[in-house]
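Novice: This is the structure I have questions about; it appears just below.
The values are calculated or read from the model by the stated rules, or taken from the named source; none is laboratory data. Computed from a predicted structure; not experimentally measured. So basically every Cβ, Gly included, is an ideal-geometry build from the backbone, and we count neighbours across all protein chains shown. Heads up: the accessible areas ignore ligands, DNA and RNA and are worked out on the full protein's heavy atoms, side chains in. Shrake-Rupley method; radii C 1.70, N 1.55, O 1.52, S 1.80 Å.
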Amino acid sequence: MGLLALEFSDCYLDSPQLRDRIRAHEAELDRTNKFIKELLKDGKTLIAATKIIPLLSRGKKCIKRSEINFLGFLSVTETLIKPLERFRKEQLGAVKEEKKKFDKETEKNYSLIDKHLSLSPKKKELQLQEADCQVEQNRRHFYEVSLEYVCKLQEIQERKTFECVEPVLSFFQGLFTFYHQGYELAKDFNHYKMDLQINIQNTRNRFEGTRSEVEELMNKIKRNPQEHKRADQFTMEGYLYVQEKRPAPFGSSWVKHYCTYKKQTKTFSMIPFEHRSGGKAGDLEAFFLTYCTKRNTDTIDRRFCFDMEAADRPGIPVTMQAFSEDERKLWVEALDSKGGVCINDQGLYRVVGVSSKVQRLLNLLMDAKTCSEVDLENSVEWEVKTITSAMKQYLRSLPEPLMTYELHGKFIIPAKSGSPESRVSAVHFLVHKLPEKNKEMLDILVKHLANVSNHAKKNLMTVANLGVVFGPTLMRPQEETVAAIMDLKFQNIVVEILIENHEKIFRTLPDATFPEPISTSISPPNAPPRQSRRQGQRNKRPVAVYNLCLDLDDGDSHSSPKEDTPTGSMDSLSSQSPTPAISSSPSGPDKNHLILDSGDGGEWATNHPNLTRSSMVSWMNTTSTTTATSATATATAAPSSIPFPTPTTAGDRPAESAVPRKARAVYPCEAEHSSELSFRVGAIFEDVQLSREPGWLEGTLNGKRGLIPENYVQFL
């Protein structure tokens with residue numbers, strides 16, 4: 001296993017791991033230096049031996065011939081020894097000088113920090129500011145020296161791959177030239193030599209190409225270190241001084257530790273490390289964090305301090321000291337259990353909370369006596385998935401969906417057909433037909449969902465994924481029919497339109513002249529009318545019903561037993577646990593009354609009409625405006641799949657067409673959706689089968705598979 005790369009961003013942490021990697025690079029260079037010395041010694045011994053051989057030969061002719069033959073071999077001094085000596089003295093020597101400079105600056109930096117942190121806050125403010133400025137300047141200088149030393153180590157490791165190997169290659173070239181008897185050997189070795197030459201040249205070219213990029217990166221980090229910190233497994237890490245209390249006569253001491261914190265598990269780890277004692281580390285100590293709070297200067301004779309308490313040592317706070325006020329703020333913010341809402345949690349609104357916790361939260365929010373006492377920002381008591389599940393459960397349990405039964409069908413019509421612009425205009429028009437309270441609540445919710453989708457790179461909740469989750473939540477038909485099940489996908493499309501066009505729909509007035517969506521019949525030119533999902537004909541081409549899994553990101557495609565997979569308007573947490581349930585009947589929800597195991601919750605959805613929004617809306621507004629980063633959840637949700645009934649044979653559809661057959665196009669067609677095929681008259685389709693969408697077939701044309709209008713083709 002080779003050496004680990006030295007990252008420039010690690011120089012600003014100066015962690016024990018960085019020091020270990022630096023020592024590994026230094027040890028490797030020491031081995032290289034020793035190897036070169038031994039190689040030079042052997043080369044000089046060989047040259048001395050060649051000078052002795054002619055003296056042992058008999059006869060002047062033999063001596064003369066030996067001198068001429070060995071004359072060429074003596075070029076080993078120029079090809080091997082001098083280049084290696086030059087590399088050892090110039091390159092390895094330069095690294096040693098940089099190491100001395102780096103060690104000197106390390107000693108100076110941490111000595112000054114120790115002295116600086118011992119200053120009493122009772123000194124004059126001007127003196128304290130001057131001391132802070134001096135320490136900061138010294139730290140910046142130390143980081144620059146550290147960056148240059150790391151860069152030099154990285155450079156010398158790359159240089160030796162060709163500057164040490166190339167002289168050896170030249171030596172062997174001279175050796176093979178001298179030994180004519182080894183011609184066959186040299187010939188067999190030639191392809192290895194050529195490969196080595198090519199590799200050396202490629203290595204040299206890569207070195208020249210990357211050196212400028214590495215130096216540019218180093219300069220960028222010098223200019224703004226905070227923007228180039230590497231993403232790490234820890235929420236926060238760095239050096240802190242820990243107060244170690246001793247018996248009364250001896251007071252206390254402050255020991256420098258390298259500390260790390262993982263917010264997901266609330267695990268705080270620290271290891272004592274002293275740079276000036278050769279970088280020796282102590283024993284690792286880890287514990288679970290309970291709380292963290294700042295220390296005022298009137299309670300301790302040091303600055304930049306804060307207290308934290310471990311779960312296994314209640315009532316015994318540990319006092320920490322940061323290097324500066326800015327670093328203390330970062331530590332306190334990272335350690336604070338209430339810091340930030342988890343807008344970046346993976347699978348937000350898809351991952352389901354525990355049913356009993358969701359039910360408890362709903363009961364508290366719906367009770368006028370307890371709703372004001374609920375603290376949704378308390379991540380210890382209320383997980384994000386519990387809050388999101390409670391909000392979805394509340395919306396599904398309303399006697400009438402937020403987008404109303406009356407406008408349900410009208411919202412579905414533009415989602416089925418029309419251009420993107422006309423869809424947006426139609427939905428815009430219909431939103432302003434909603435009751436004012438419904439529109440206000442929908443505005444708050446959609447604004448929040450738009451903010452969630454803006455963080456899709458981290459939470460994986462794209463607009464399409466949110467549409468899958470909130471389509472059945474915000475819309476449902478008054479009666480549950482087969483046609484309503486077929487329209488589930490279009491509910492998702494309506495929600496997608498709302499999220500993508502939130503500002504336009506809710507912040508501007510619709511066109512007063514825009515016609516209210518109604519179903520009309522318009523047939524494509526020169527072609528028979530295509531079949532509708534209902535009786536009669538619809539105004540546009542049928543849109544293919546395809547698996548919703550295709551609309552989701554790859555990262556959101558793994559199923560989990562705890563995922564929220566809404567398959568209709570009647571989904572509830574009862575599918576996850578037998579504790580809560582929503583009563584339903586074949587004709588639809590019976591006012592969506594919530595049945596509680598305890599029996600004391602009652603029908604809160606209808607008994608408390610005035611207590612349906614305050615706490616939850618407040619939490620959503622907080623979530624929408626918060627950009628604090630948080631640890632991402634490990635569970636992701638799988639897309640819901642919608643069961644579709646098998647289409648029946650209609651019109652001239654042959655019953656035996658379930659078997660793959662060939663068909664010929666009798667009318668031209670231009671695709672209006674990515675799932676459809678475009679074709680001309682006479683096109684031959686392979687492997688034609690029935691589609692789940694009534695009035696459509698599935699077939700392959702020129703290697704592409706897609707949907708074909710059934711009445712545009714003739715089976716062969």
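Novice: What is the percent carbon and sulfur in the accessible area of region 663-715, measuring with a 1.4 Å probe over the protein chains and ignoring ligands?
Specialist: On region 663-715, the fraction of accessible area on carbon and sulfur atoms equals 45 percent.
Novice: Ignoring ligands, DNA and RNA, please state the percent of accessible area on region 347-507 from carbon and sulfur, probe 1.4 Å.
Specialist: On region 347-507, the fraction of accessible area on carbon and sulfur atoms equals 52 percent.
Novice: Ignoring any ligand, DNA or RNA, what whole percent of the accessible area of region 135-210 comes from carbon and sulfur when the probe is 1.4 angstrom?
Specialist: Carbon and sulfur together cover 55 percent of it.
Novice: Taking the Cα centre as origin and putting +1 on Lys and Arg beta-carbons and -1 on Asp and Glu beta-carbons, what dipole magnitude results for region 235-335, to the nearest 20 debye?
Specialist: That gives region 235-335 a dipole magnitude of about 60 debye.
Novice: Roughly how many debye, to the nearest 20, is the charge dipole of region 663-715 about its Cα centre, given +1 on each Lys and Arg Cβ, -1 on each Asp and Glu Cβ, and no other charges?
Specialist: Roughly 140 debye, rounded to the nearest 20.
Novice: Sorted by packing (mean other beta-carbon atoms within 10 Å per residue), highest first, where do 122-135, 304-317, 447-460 land?
Specialist: Highest to lowest by the protection proxy: 447-460, 304-317, 122-135.
Novice: How many Å² of accessible area per residue for region 235-335, probe 1.4 Å?
Specialist: Averaged over the residues of region 235-335, the accessible area is 51 Å².
Novice: How are the Cα pair distances of region 235-335 distributed, in percent, across 5 Å bins from 0?
Specialist: 2, 12, 22, 27, 21, 12, 4, 0, 0
Novice: Report the accessible area of Trp382, computed with a 1.4 Å probe over the heavy atoms of all protein chains in place, in Å² rounded to the nearest 10.
Specialist: 10
Novice: What accessible surface, in Å², does a 1.4 Å probe find on Cys342, ignoring ligands, DNA and RNA and rounding to the nearest 10?
Specialist: So the heavy atoms of Cys342 present about 30 Å² to solvent.
Novice: With a 1.4 Å probe and every protein chain left in place, work out the accessible area per residue of region 347-507 in Å², rounded to a whole number.
Specialist: Computed with neighbouring chains in place, this is 36 Å² per residue.
Novice: Continuing with the same structure: For Arg692, Arg396, write out the residues from largest to smallest accessible area, computed with a 1.4 angstrom probe and no ligands counted.
Specialist: Accessible-area ranking of Arg692, Arg396, largest first: Arg692, Arg396.
Novice: My understanding is that a pair violates if its Cα-Cα distance is over 28 Å; which of Lys123/Lys245; Lys37/Lys152; Lys96/Lys329; Lys100/Lys256; Lys101/Lys266; Lys115/Lys329 do that in this structure?
Specialist: Where the Cα-Cα span goes over 28 Å, the pairs concerned are Lys96/Lys329; Lys101/Lys266.
Novice: A further question on this structure: With every protein chain left in place, what is the accessible area per residue of region 663-715 in square angstrom, probe 1.4 Å?
Specialist: 47
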